[in-house]
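K.L.:
Here it is, the structure in full.
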Amino acid sequence: MACTREPVRMSGLLSGGGIRTFCTVSALRVTLSGTRLFRNCGYAILWIANPLPEGNYKLLVEGDTVDLRYSKGSWHPTKA
């Protein structure tokens, strides 16, 4: 089956180390053509409400939870 890919932006929540802050996230939304089925992938943090120290965080966005690490000014997925 064919699918469509489109960039999307959404609100998220980062939490870790006793800190919680809102953020804006971009992702690639892949939708199965002719259905309402989709998956967001390739999350990227665009904006954070409050500065965060380096460390491990959980990103909660549209019901999904993604483990991320903030290090040297960049966000990276953590290995499962």
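Just so it is clear, none of the values below were taken in a lab; they were calculated from the coordinates. On a predicted model such as this, the values are computed, not experimentally measured, just so you know. Every residue, glycine as well, gets a Cβ built from its backbone with ideal geometry; the counts of neighbours run over all protein chains shown.
Table: residues versus (1) within 11 Å of Ser15 (Cα to Cα); (2) of a type outside the set (Lys, Arg); (3) surrounded by 15 or more Cβ atoms within 10 Å (Cβ to Cβ).
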{"residue": "Leu32", "(1), (2), (3)": "no, yes, no"}
{"residue": "Arg36", "(1), (2), (3)": "no, no, no"}
{"residue": "Asn40", "(1), (2), (3)": "no, yes, yes"}
{"residue": "Pro51", "(1), (2), (3)": "no, yes, no"}
{"residue": "Leu59", "(1), (2), (3)": "yes, yes, yes"}
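K.L.:
Counting only residues that are in contact (Cβ under 8 Å) with a residue 12 or more places away in the chain and either over 26 Å from Arg5 (Cβ atoms) or of a type in the set (Gly, Ala, Ser) (or both), give me the strands (runs of 3 or more DSSP E) lying completely in segment 16-80 with at least 2 of them.
P.N.:
19-32, 38-48, 55-61, 64-71
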